[in-house]
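Beneath this line is the structure, given in structure tokens, with notes to follow.
Every number in this text was worked out from the coordinates using simple rules, so none of it is lab data. Since this is a predicted model, take the numbers as computed values, not measurements. Every residue, glycine among them, receives a Cβ derived from its backbone with ideal geometry; neighbour counts consider all protein chains shown.
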Amino acid sequence: MERDSYSDEEIKKIFSLKNVAVIGMSKNQEKAANYVPKYLAQNGYNIIPVNPTADEILDKKCYHSIQEVEEPIDIVDVFRPSDQVLPVVQEAIKMKPKVIWLQEGIHNAKAEELARKEGIKVVFNRCMLAEHQRLF
């Protein structure tokens, strides 16, 4: 699967943003949707869990939808299957994030184009944990 064309410098700039809403964050510690945001939290990021089936993850309030989040969102980190990304991105755009990050293995050209038209950067098919460790 292809991935976005951002340079390492551009990805480093994205990592300077600190408020990260994690769509599909998991309570299961075995899943990437739990240990990736946990790693980011341990490295100074403000993680905002979003999962309709949880009230709290990693001792943080979990929002049932991104529309409920009251603080500014810099990055929307998406852990959803590619075929479920479009409605997630449509909701996320309303929150005016600077970046939508689709985790490794996730790619939805229609959703990505929609976000770019709104001036939002789209990173796709990359893992935030792997990229952070590689660049820092």
Return yes or no: is residue 39 under 16 Å from residue 134 (Cα atoms) and either aromatic (Phe, Trp, Tyr) or in a loop (DSSP other than H, G, I, E, B) (or both)? yes
Listed by first then second residue, the pairs whose first member lies in the stretch 56-68 and is assigned to a helix (DSSP H, G or I), whose partner is small (Gly, Ala, Ser), with beta carbons under 7 Å and at least 6 positions apart or on separate chains, are 66/21; 66/92
Of the residues in the stretch 1-34, those that are among the polar types (S, T, N, Q) and surrounded by fewer than 19 Cβ atoms within 10 Å (Cβ to Cβ) come to 5, 7, 16, 19, 28, 29
Of everything in the stretch 14-30, what is more than 15 Å from the chain's Cα centre (by Cα) and among the basic types (Lys, Arg)? Give them in sequence order. 27
